[in-house]
Amino acid sequence: MTIRGWIRHREISGFPTFSVEEIRRTFPNYSEQVIRNELFRLSSQGILYSAYRGFYIIIPPQYAAKRVIPPVYYIDQLMSYLKKPYYISLLSAAEILGAAHQRPQKFSVTTKYPKPSTSPSKNDTLVWTYRKEIPSDLLLSKNSETGVIHYSNVELTSIDIVQYEQHIGGFSRAATILEELADKMDFRGASQKLFCYTSVATIQRLGYILEEILEQKTVADMLYTELLSYTRRFRYVPLSTHRAEKAAEKNTRWKVNINSIIEPDELW
């Protein structure tokens, strides 16, 4: 059997991804150069797509014309290949949760430290963020074309959007997404689970945005109650860590120095 034939058989059998290591094990008599040349040839012909160093996707017919495969098609298999837990996060998770006002241009994935020592891929559609621990009890799952994917729930997504706002284009864009998710938020019990995976400062910033920018007082009050049960004392923090705090107006409830202007988009 040739490499092309093996790939075809794998596709027919319902396994749309593979690694170079699998090719090496299947064809032990092939030299590294022969394997590399064949994979390059098949990629050039639009049969394969290299999503990560050493990891390939067999391009399905529905994506063959553009040769662009949405990461949701292969992300679970990729993370299994990397042997790392993960979840779809930030704007990508928000889109799955129904916040489709601004379709993300990149696909956000959160996984565990350490970061890879080499460049993770030439795939510029993937944006990686890292945590010390993956909060598996705050994840949701759903079926995809090729299996099951995992993504952050509404509350974790909200926290992440504020904590990693620099990855999504700033607080104004964060506020736009939060407004779309607000009616689905339920922070009851957050002090026992969710707060363990973030900082008090992030909770303060989220609360300020919900209450003062988006006027979501009910959900903000719920978050504030949980914050007080988590810690009775918290200090003033800057809304933005990238701007000076001098002469900034203070929000006394959430103890946020308002050193940045937030202007969410109009949704209607």
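The values are calculated or read from the model by the stated rules, or taken from the named source; none is laboratory data. These numbers come from a predicted model, not from an experiment. Counting neighbours? That spans all protein chains shown, and the Cβs are built from the backbone with ideal geometry, glycine included. Areas reflect the complete protein model, heavy atoms only, side chains present, ligands, DNA and RNA absent. Shrake-Rupley method; radii C 1.70, N 1.55, O 1.52, S 1.80 Å.
Observations on the model:
- Residue within the stretch 196-218 that is modelled with pLDDT of 95 or more, surrounded by fewer than 19 Cβ atoms within 10 Å (Cβ to Cβ) and among the acidic types (D, E) present: yes
- Breaking point among (1) surrounded by 15 or more Cβ atoms within 10 Å (Cβ to Cβ); (2) closer than 29 Å to I161 by Cβ, for A100: (1)
- Of all residue pairs spaced 6 or more apart or on separate chains, those with beta-carbon atoms under 9 Å, a first member in the stretch 1-19 that is touching a residue at least 24 places away in the same chain (Cβ under 8 Å) and crowded, with 16+ Cβ neighbours inside 10 Å and a second member that is among the polar types (S, T, N, Q) and not in a helix (DSSP H, G or I) are R10/T17; P16/T146; T17/T146.
- Taken together, A201, A190 contain a single residue that is within 22 Å of F234 (Cα to Cα) and touching a strand residue (DSSP E or B) at 6+ places or on another chain (Cβ under 7 Å), which is A201.
- Selection status of L181, open to solvent by less than 40 Å² (accessible area, probe 1.4 Å) and either touching a strand residue (DSSP E or B) at 6+ places or on another chain (Cβ under 9 Å) or more than 16 Å from H101 (Cβ to Cβ) (or both): no
- Top-ranked residue of the stretch 219-268 - restricted to ones that are under 23 Å from A99 (Cβ atoms) and open to solvent by 90 Å² or more (accessible area, probe 1.4 Å), ranked as modelled with the lowest pLDDT: W268
- Candidates are the residues of the stretch 67-86 that are assigned to a helix (DSSP H, G or I) and open to solvent by 30 Å² or more (accessible area, probe 1.4 Å); the one that is nearest to P114 (Cα to Cα) is L82.
- Members of the stretch 132-167 found to be within 30 Å of E212 (Cβ to Cβ), in contact with a Lys or Arg (Cβ under 9 Å, 6 or more places away or on another chain), in contact (Cβ under 8 Å) with a residue 60 or more places away in the chain and surrounded by fewer than 23 Cβ atoms within 10 Å (Cβ to Cβ), listed by number: P135, H167
- Residues in the stretch 20-36 that are free of Cβ contacts under 8 Å to residues at least 12 places away in the same chain and closer than 30 Å to K106 by Cα were compared, and the one that is surrounded by the fewest Cβ atoms within 10 Å (Cβ to Cβ) is R36.
- For the stretch 58-66, the criterion of a residue being at pLDDT below 95, more than 30 Å from K184 (Cβ to Cβ), open to solvent by 50 Å² or more (accessible area, probe 1.4 Å) and of a type in the set (A, V, I, L, M, F, W, C) is satisfied by at least one position.
- K132 vs. criteria modelled with pLDDT under 85, more than 14 Å from V72 (Cβ to Cβ) and touching a strand residue (DSSP E or B) at 6+ places or on another chain (Cβ under 9 Å): no
- Selection from the stretch 23-55 of residues that are part of a helix (DSSP H, G or I) and either closer than 19 Å to Y73 by Cα or touching a Phe, Trp or Tyr at 6+ places or on another chain (Cβ under 9 Å) (or both): I23, R24, T26, V34, I35, E38, L39, L42, S43
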